[in-house]
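Working notes, beginning with the structure itself.
Please treat every number below as a calculation from the coordinates, not as lab data. Given the structure is predicted, the values throughout are model-derived calculations rather than measurements. All Cβ positions, glycine included, derive from the backbone under ideal geometry; neighbour counts span all protein chains shown.
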Amino acid sequence: MIKIEQYKLLMKKIMCSLIGIAFIFSVTAQDSISIKQAESNVKTLSILWQQHAAEYRALCYQAFNLAALRLSEAVKEKKNGDQLAIITDLDETILDNSYSEAKLIKEGKSYTPASWKEWTNKSAATGVPGAAEFLQNAKQKGVSVFYISNRDTSDRQSTLRNLQNLHLPDADLTHMLFRTNTSSKESRRITVMDKYKVIMLLGDNLGDFMEVFDGKNTAVRKTETDKVQNEWGRKFIVLPNPVYGEWENALYDYDRTLTPVQKDAKRKQKLIAY
Ligand SMILES: [Mg+2]
């Protein structure tokens, strides 16, 4: 009789433990789903802003209108023998790639080098508002355009087709300096500066302008930005990109091993409240 009671008690304990474990798993699964959803939502709003907010277009036009003004000033100040050039980034400065990220979100997938390759092979990026007109204007004024991009060199042909489709000037391989062994653009900028007087740099990422921003944390990025306050809107023309970039990598302290849960925690940790 005692043995039966003990057996019943043991079974009860086992059942309670199993229910507890099942509950924990269920909560954890729900958490990971909600975190995954949150990750997706973070990107979704940014992409929607890029694709649908007229404010985004207005900011792009504002950047290129200002660039056109600086271009005219530089051309007026040109001295005999000066060979003028503009250095520009491509992605989210001249080319709009939001379609690639939008497709990933719709399919519940994450960015991979293969997903990016699938997109670039299509040569289907559209022009950032105002970009083509500005670059064509520069070329008409006798200014060369160099495209310094961190796209892989294996993307050069597909990107060239894309630039040609958009009727961009200097769309040829000699004007396209793509990433080889380093993501820093400094050595490629120097290559251009050795032969040309660079009057302007355009980009959506601070590494498009100066090496000093490469790999720096958010505080240093701000300090270095302040140090060259007068260059923004003059020699440096910045385009808006809320979707991705070093600004986001800096938030995560450039730790590419973080899980979505850890990224979410980092984001919340970095929020500045009153
Ligand atoms: Mg870019």
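Adding -39500 (n - 2.57) for every DSSP H run of four residues or longer, then dividing by how many residues the chain holds, sets the calculated 222 nm ellipticity at -17500 deg cm²/dmol.
What residue among Asn205, Asn230, Asn241 shows peak mean-square fluctuation when the chain is described by a Gaussian network model with Cα springs under 10 Å? Highest fluctuation among the options: Asn230.
Taking each residue as 0.36 nm, the span from Asn181 to Trp232 lengthens on full extension beyond its C-alpha to C-alpha distance by 15.5 nm. Result for the chain in a Gaussian network model with C-alpha springs under 10 Å: among Lys185, Lys78, Lys43, the largest mean-square fluctuation is at Lys78. Once the C-beta distance of Arg57 and Ala265 is scaled by a Förster radius of 35 Å, the resulting FRET efficiency is 0.55 to the nearest 0.05.
Indicate the helices, whole DSSP H runs only, in the chain that combine a mean Kyte-Doolittle hydropathy of -0.5 or more with a Cα extent along their long axis of 18 angstrom or more.
Once both thresholds are applied, what remains is 2-52, 54-76.
For the pair Lys109 and Thr153 in one chain, pulling the backbone fully straight at 0.36 nm per residue adds 13.3 nm over the alpha carbon distance. Rg and Dmax, both from the Cα atoms of the chain and both in Å, are 25.1, 110. Length gained on full extension, Lys13 to Ile272: 88.6 nm, using 0.36 nm per residue less the C-alpha separation. Exposed loop sites, defined as GluC sites (Glu not before Pro) outside DSSP H, G, I, E and B with at most 11 other Cβ atoms within 10 Å, are absent from the longest region of the chain, namely 108-274. Modelled label positions at Arg161 and Glu118, each set 7 Å beyond Cα in the direction of Cβ, lie 1.7 nm from each other.
Once R0 is set to 45 Å, what does the formula 1/(1 + (r/R0)^6) return for the Cβ-Cβ distance between Asp253 and Thr126, expressed as a FRET efficiency to the nearest 0.05?
So the FRET efficiency works out to roughly 0.85.
Each of Asn230, Ser46, Tyr56 was scored by the projection of its Cα onto the charge dipole of the chain, and the greatest displacement toward the positive side belongs to Ser46; charges sit on the C-beta of Lys, Arg, Asp and Glu.
Computed over the chain with a Gaussian network model linking Cα atoms closer than 10 Å, the most mobile of Ile148, Ile87, Ile190 is Ile190.
Most simply put, the chain has about 10% antiparallel DSSP beta bridges, counting only bridges with both residues inside it.
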